[in-house]
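A short write-up of the structure that comes next.
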Amino acid sequence: MKYKRNISPLLFLICFFLFPFFGSGQAAKVFIDKSDILIGQQIHYKIKLNLASSGYAVDFGVPDSIPHFEILQKQQFDTVEKNGQYSLYQSMVLTSFDSGRWVIPAFIVTIGSTNKKSIRFSTDSIIVNVGYSPMDSSGLRDIKPVLEVKVPDYTWAYILAGILTLLFFGWLIYRYFKNRKKKDKPAFIPSLKPYDEAMQALKKLQAMDISTAEGIRIYHTKLSEIFKLYYSNKERKNMLHFTTTDMLINMKSNSFSAETISLIAEVLRRADVVKFAKYLPPVYENENSLQQEKAVIDTMEKNYSSKT
């Protein structure tokens, strides 16, 4: 009985000091808009905390860096009051360029108040899968029956090809001797700068008819080609044959910002999906792709200009 009399006041004090926090069910909850992303795609991460009043100091404990993720944007926390209950929000925009199964760790949330001891507790950790574009797995193919092989006679085709080849080389020889005595004249054909060429191409593409599936496919294919040509000309290196992943890795090695790489990654990934998976994006996504690519090229051009 003596043990019970000693412990009751202690429980009373604990409940008295902690009731303002736990009376309103303030446990921090975390939300993300997607848990499976492609490399370079953005994740919108949010922490929500409910409190009984606004008289508390809150530290969400969000670090400046997270392993395997890059923080593109971290906003100041917002406070919303409804029916006497206060909700605090801390938002971030993340991305990742490392493929794999990664964890956004738990953060230590600290709640403090004047003349009261601070309370600390952890948020939930979240698993995010980062991968590449899905491969074609459309299924099995029907086995076709064996067809009878017919060997056509191409004799006359070979003869005609030989005659045309001789005429072509004869014409080349004629042109060579005809122009041999002429004095070579210097010629210079000015070409557009890579930035101007890209802007003209995007302007022309903006007027393209994309009301059909074929039009949409050509539209996104040209978006990818315009960016690769611009980047190749600026780096003086042929990257037209690069895959989207190769382009993003190359840009990262050249120290372009994560936000710039993330924007162009969305454009190039969408072009890949349209081209290979026959996906038809809505009109606003088509327009967003062009505007995102234009913004990326504008940013890259400013970076190149600052280096010269």
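Side notes on the structure shown:
- Averaging 1/r across all pairs of distinct Cα atoms in segment 180-306 and inverting the result yields a Kirkwood radius of 15.8 Å.
- Restraint check, K193/K222; K74/K278; K74/K222, Cα-Cα greater than 26 Å: K74/K278; K74/K222
- Note on segment 49-136: the C-alpha convex hull projects to 7.7 nm² when averaged across all orientations.
- Partners for K150 among aspartates and glutamates (Cα-Cα distance below 18 Å; same-chain residues under 8 apart left out): none
- When each of K82/K116; K228/K275; K46/K302; K252/K302 is checked by Cα-Cα distance, pairs over 23 Å: K82/K116; K46/K302
- When segment 47-93 is reduced to its Cα atoms, the Kirkwood hydrodynamic radius in Å: 12.0 Å
- In plain terms, the chain from N288 to D124 could stretch by 55.6 nm, reckoned as 0.36 nm per residue minus the Cα-Cα distance.
Where a number appears in this text, it was derived from the coordinates with a stated rule and is not lab data. Because the structure is predicted, anything quoted here is derived from the model rather than measured.
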